[in-house]
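K.L.:
Take a look at this one; I'll ask things after.
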Amino acid sequence: MPVHDFNAERLFIDAHLAEGATYACSSDQANYLLNVLRLKEGDQILVFNGRDGEWAAKLTEVGRRRCSLAMQRQIRAQEQGPDLVYLFAPLKRARLDYMVQKAVEMGVSTLQPVLTRRTQVSRVNLERMQANAVEAAEQCGILHLPQICEPASFERLLANWDENRRIIFCDEAEAGAADPLAALGNVEKGPLAVLIGPEGGFDPQERKSLLSKPFTVPIPLGPRIMRADTAAVAALALVNAVLGDWKASGQPE
């Protein structure tokens, strides 16, 4: 399968992609293509929609403030990332932007905000999350985009959880007390979720609830206390390395 060309510009478009199809760019997209990238009529760019793979498209119908894209050929077939749900207590704006971008780079399939007792941010801008997810996918050659869910309360989330999907939660109370790789090594292959708590950690009752569930696996992240956005990168990296698609094909389990 062809690999991503890291020198090529990419654009996400929410439209069906097929040979011969034409897409009329929005004013923002036209401004980006014509004034930021300074592309001209006949120039090519790679496009994707999260469903139909990656396509080479040619700029057509170029005007002062408008342009269209004509689909020419598929460069990469659609591929799916890991079946990995990311659960997180919302953060303030800039740090949430960073966390969403890094989670997308790590290949998560779903972004689910979780409102815990110590969550400091109760309102989440889902459109901004979507924009950050698209930007990360464009820049990193990712073909799939995560589903972005409405915030859910911690209690409701656990009460309605599918027990076939394990939740790997980062337990600050176990910092330095265990080996996270060993803990993950005992988890059976299957659908997974990673849960990162709020600043200040889980409430004692929330931690007790998590530990009481048969589908949760607590792991430490070492002897240092991390900020939530840093913990997200660390936890997702560990899970991808042990249980996800970072392992080389054919590598022994």
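K.L.:
Find the Cα radius of gyration of the chain, compare it with 2.2 N^0.38 Å by division, and give the number to two decimals.
P.N.:
Numbers: Rg = 20.5 Å, N = 253, 2.2 N^0.38 = 18.0 Å.
Dividing the Cα Rg of the chain by 2.2 N^0.38 Å gives 1.14.
K.L.:
Using the alpha-carbon atoms, what tilt in degrees (0 to 90, nearest 10) does helix 126-140 show relative to the longest principal axis of the chain?
P.N.:
Result, in degrees: 70.
K.L.:
I would also like to ask the following. Rounded to the nearest 10 degrees, what's the angle between the helix 228-242 long axis and the longest principal axis of the chain, both from Cα atoms, 0 to 90?
P.N.:
90 degrees
K.L.:
What is the helix-to-structure angle for 93-105, meaning the angle in degrees between its Cα long axis and the longest Cα principal axis of the chain, kept from 0 to 90 and rounded to the nearest 10?
P.N.:
Once rounded, one gets 80 degrees.
K.L.:
In deg cm²/dmol, rounded to 500, what helix-only [θ] at 222 nm does the chain give when every DSSP H run of at least 4 residues adds -39500 (n - 2.57) and the total is split over its residues? Intermediate results must be reported in sequence, preceding the final value.
P.N.:
Details: 7 runs with 69 residues, N = 253.
About -8000 deg cm²/dmol.
K.L.:
Work through the residues other than residue 16 whose Cβ is under 10 Å from its Cβ and net out their charges, Lys, Arg +1 and Asp, Glu -1. The partial results should precede the final answer.
P.N.:
Values: positive: 51; negative: 14, 52.
That sum, taken over residues with Cβ under 10 Å, equals -1.
K.L.:
Highest GNM mean-square fluctuation, the chain, Cα pairs closer than 10 Å: which of 241, 159, 183?
P.N.:
So, out of 241, 159, 183, the one fluctuating most is 159.
K.L.:
For a quick check, take a GNM of the chain with Cα springs below 10 Å and name the residue from 138, 155, 105 with the largest mean-square fluctuation.
P.N.:
Comparing 138, 155, 105 in a Gaussian network model of the chain, the most mobile one is 155.
K.L.:
Under 21 Å Cα to Cα from residue 189, which lysines show up? Leave out anything in the same chain fewer than 8 places away.
P.N.:
Output for residue 189: 213, 247.
K.L.:
Summing Lys, Arg as +1 and Asp, Glu as -1, what charge do residues with Cβ under 9 Å from the Cβ of residue 58 carry, residue 58 excluded? Write down the numbers at each step before the final one.
P.N.:
Values: positive: none; negative: 41, 43.
Computed value for this residue: -2.
K.L.:
Could you tally the net charge around residue 108, taking each other residue with its Cβ under 10 Å from the Cβ of residue 108, Lys/Arg +1 and Asp/Glu -1? Could you put the intermediate results ahead of the total?
P.N.:
Working: positive: 102; negative: 83, 105.
Within the 10 Å Cβ shell, the charges total -1.
K.L.:
Counting residues in segment 10-76 as N, plug N into 2.2 N^0.38 Å and put the Cα Rg over that result.
P.N.:
In units of the globular-protein estimate, segment 10-76 measures up at 0.99.
K.L.:
Shifting gears a bit: Setting aside same-chain residues fewer than 8 positions from residue 58, which aspartates and glutamates have a Cα under 19 Å from its Cα?
P.N.:
Of all the aspartates and glutamates, those that pass the test against residue 58 - Cα under 19 Å, at least 8 places apart if same chain - are 5, 9, 14, 19, 28, 41, 43, 138.
K.L.:
Out of segment 1-104, which trypsin sites (Lys or Arg not before Pro) are coil in DSSP terms and have no more than 13 other C-beta atoms within 10 Å?
P.N.:
On the way: sites: 10, 38, 40, 51, 58, 64, 65, 66, 73, 76, 92, 93, 95, 102; in loops: 38, 40, 51, 64, 65, 66, 92.
Sites meeting the loop and neighbour criteria: 38, 40, 51, 64, 65, 92.
K.L.:
I've got another one for you. Could you pull out every one of the lysines with an alpha carbon less than 20 Å from that of residue 92, ignoring same-chain neighbours closer than 8 positions?
P.N.:
List returned: 102.
K.L.:
Which residue fluctuates most in the GNM of the chain (Cα springs below 10 Å): 142, 168, 45?
P.N.:
Taking springs between Cα atoms under 10 Å, the residue moving most is 45.
K.L.:
With charges set only on the Cβ (+1 for Lys and Arg, -1 for Asp and Glu), what does the dipole of the chain come to about its Cα centre, in debye to the nearest 20?
P.N.:
Numbers: 28 positive and 32 negative charges, 121 e Å.
The dipole magnitude comes to about 580 debye.
Read-outs throughout are calculated quantities, based only on the coordinates presented, and are distinct from any laboratory measurement. Nothing here was measured: the structure is a model prediction, and the numbers come from that model. Glycine also receives a Cβ, built like all others from the backbone with ideal geometry; neighbour counts cover every protein chain displayed.
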